[in-house]
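Below you'll find the structure, written out as structure tokens, and then a few comments.
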Amino acid sequence: MGKTSTIKLNVTLGGDNVPEEITWSADDSGQKAAESCKAFMLSIFDGNADESLRIDLWTNEMRQDEMDKFFFETFATMADTYKRANQQEEVAKFIRDFAFSFGEKVGLLKRKES
């Protein structure tokens, strides 16, 4: 049997059921205690149901500029993950181009001169 590792997410909800605090820990992370974070996105593909399941949560403390950066970095990383999984550079480039267009649209990146 292979190695098992646990990733743990804890969410403390306020009276309005909005996350007040999110912490995470992982067996292999090297951290001694749970780390605080402002948001997480969890996507799981259920092969039996042939569908994706998602949990997207963020705290009230997450600023708009942080959310913009979080999405930009997530999109860019998805391009890298897709390429590693499928070796399809053309599709990965399409995703990466979208990430950079998003980054420009929200002001994270300067628009390229035409």
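Every number in this text was worked out from the coordinates using simple rules, so none of it is lab data. Just so we're clear, the structure is a prediction, and the values are computed from it rather than from any experiment. All Cβ positions, glycine included, derive from the backbone under ideal geometry; neighbour counts span all protein chains shown.
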Item checked: Length-normalised contact order for the chain - Cα pairs under 8 Å, 6+ apart - percent -> 15
Next item on the list: Can you tell me the dipole magnitude for the chain around its Cα centre, using point charges on the Cβ only (Lys, Arg +1; Asp, Glu -1), in Debye to the nearest 20?
Entry: 380
Margin query: Residue by residue through the stretch 41-54, what is 3J(HN,Hα) from phi via Karplus (6.51 cos²θ - 1.76 cosθ + 1.60, θ = phi - 60°)? Round to whole Hz and write x for glycine and proline.
Written below: 10, 10, 10, 10, 9, 8, x, 5, 8, 6, 8, 8, 10, 9
Next item on the list: Lys and Arg at +1, Asp and Glu at -1: add these up for the other residues within a Cβ distance under 12 Å of GLU35 and post the number.
Entry: +2
Item checked: trypsin sites (Lys or Arg not before Pro) within the stretch 22-62: DSSP coil, no more than 10 neighbouring Cβ in 10 Å -> LYS32
Item checked: Neighbour-limited loop hits for GluC sites (Glu not before Pro), the stretch 1-106 (at most 16 other Cβ within 10 Å; DSSP other than H, G, I, E, B) -> GLU61
Margin query: Charges on Cβ only, +1 for Lys and Arg, -1 for Asp and Glu, centred on the Cα centroid of the chain; of THR6, PRO19, VAL106, which one is farthest towards the dipole's positive end?
Written below: VAL106
